[in-house]
Amino acid sequence: MTATRTTPPDTYREPRQGSAWTGWIAFGGIMLLLMGLFAAIEGIVAIANPTFYAVAPSGLLVTGDLTVWGWVQLGLGVVAFVTGLAVLAGNAVARVVAAIIAGISAIVHLAFIPAYPFWAIIVIALDVIVIYALTAHGDDYRAPSKMDY
């Protein structure tokens with residue numbers, strides 16, 4: 001004998017409908033994942049081959065060894081990736097942390113412009129878009145739960 005479970009009518013909940021901004025928040029989370037991966041790769045390249053970049057360490061906005069910048073980029077990339085996963089999971093605190101990480105990433109890439117100008121400017125622009133996507137209508141996003149099905 002198979003038991004069937006029915007949901008009483010008084011406990012049924014309609015799925016919460018997000019606004020059009022829900023896509024932007026998912027976009028922000030996915031971009032943070034990708035930016036984290038790219039920053040980690042950028043960091044690994046700087047650690048493994050500091051002569052890869054177009055400028056000597058003395059030509060950077062903040063003088064220092066490119067290996068140090070590589071470790072900064074690698075750490076920032078790992079944190080951004082993990083935070084992007086949390087944003088996609090619908091964590092409200094992760095949205096705040098993600099906006100902070102994107103701001104830090106923009107500042108780090110601003111200092112990295114002389115070494116890799118075109119890429120740094122693209123990353124800064126994407127950081128600004130991510131910050132806007134996560135802060136403008138952050139409350140509109142909620143990850144799907146089992147109650148939605």
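Rule-based calculations on the coordinates, nothing more; no lab input. Quick caveat: nothing in here was measured; it's all calculated off a predicted structure. FYI the Cβ positions are ideal-geometry reconstructions off the backbone, even for glycines, and counts take in every protein chain you see.
So the values come out like this:
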| quantity | calculated |
| --- | --- |
| Point-to-point label distance, N49-V96, nm (Cα→Cβ direction, 7 Å offset) | 4.2 |
| Local net charge near F52, Cβ-Cβ under 14 Å (Lys/Arg +1, Asp/Glu -1) | -2 |
| Cβ-defined net charge surrounding S105, 14 Å radius [Lys, Arg +1; Asp, Glu -1] | -2 |
| Net +/- balance of residues flanking L32 in space, Cβ distance below 14 Å, scoring K and R +1, D and E -1 | 0 |
